[in-house]
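Read the structure below first, then the notes.
The values are calculated or read from the model by the stated rules, or taken from the named source; none is laboratory data. Keep in mind that this is a model prediction, so the values were computed, not measured. Because the Cβ atoms are built from the backbone with ideal geometry, glycine has one as well, and the counts that use them run over all protein chains shown. The accessibility values were calculated without ligands, DNA or RNA, using every heavy atom of the protein model including side chains. Shrake-Rupley method; radii C 1.70, N 1.55, O 1.52, S 1.80 Å.
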Amino acid sequence: MAQLSTKIKLYCEANSKVADFGPEGNVALQDDSDGNGPYIKTWSVDGLTQPTDSQLASYDTAGDTAETNAGIDATRRSQYGDWSTQLEMLYKDQKDGTSTFKDHNDKVRSDNPK
């Protein structure tokens, strides 16, 4: 099941709003450690009413997908290497007529499919 914050983010995006969970943000979550999990403590998203439990539940599947893809993206970013390494591969490919950069990126993507 998707995290509450992910479902709230998707709910806001679907309504052309932004959920800000920062210290001065428009949404605050709280977990009282009573086994009931997190809940919306405060909601002040301008022009958008606080979602009901059933509205949030409708974002479960999309939330699961978003969280899975975020994990895959993070893995891919770490495996692509830093910018200087990627630029060096591109430079050498252009200079030598090779496809090292493309081959490397294709392998990262095939090893971490979405």
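Please work out which residue is nearest to G63 (Cα to Cα), limiting yourself to segment 32-43 and to residues that are open to solvent by 80 Å² or more (accessible area, probe 1.4 Å) and assigned to a loop (DSSP other than H, G, I, E, B).
Selected residue: N36.
Looking for something without any contact (Cβ under 8 Å) to a residue 24 or more places away in the chain, out of contact with any Leu (no Cβ under 7 Å at 6 or more places or on another chain), in a loop (DSSP other than H, G, I, E, B) and not hydroxyl-bearing (S, T, Y) - is there at least one such residue anywhere in segment 47-61?
yes
Pairs under 9 Å by beta carbon, first residue under 20 Å from D111 (Cβ atoms) and basic (K, R) in segment 71-94, partner open to solvent by 50 Å² or more (accessible area, probe 1.4 Å) and assigned to a helix (DSSP H, G or I), six or more apart or different chains?
Within 9 Å, the pairs are R76/R109; R76/D111.
Are there any pairs with C-beta distances below 6 angstrom linking a residue in segment 100-114 that is more than 14 Å from A74 (Cα to Cα) to a residue that is open to solvent by less than 100 Å² (accessible area, probe 1.4 Å) and among the acidic types (D, E), with the two at least 6 apart or on different chains, and if so which?
Matching pairs, first to second residue: T100/D93; F101/D93.
Just for segment 1-17: of the residues that are within 14 Å of the chain's Cα centre (by Cα) and hydrophobic (A, V, I, L, M, F, W, C), which one is surrounded by the most Cβ atoms within 10 Å (Cβ to Cβ)?
I8
For segment 66-114, enumerate the residues that are small (G, A, S), outside any helix (DSSP H, G or I) and either within 30 Å of S5 (Cα to Cα) or open to solvent by 90 Å² or more (accessible area, probe 1.4 Å) (or both).
G81, the sole residue that qualifies.
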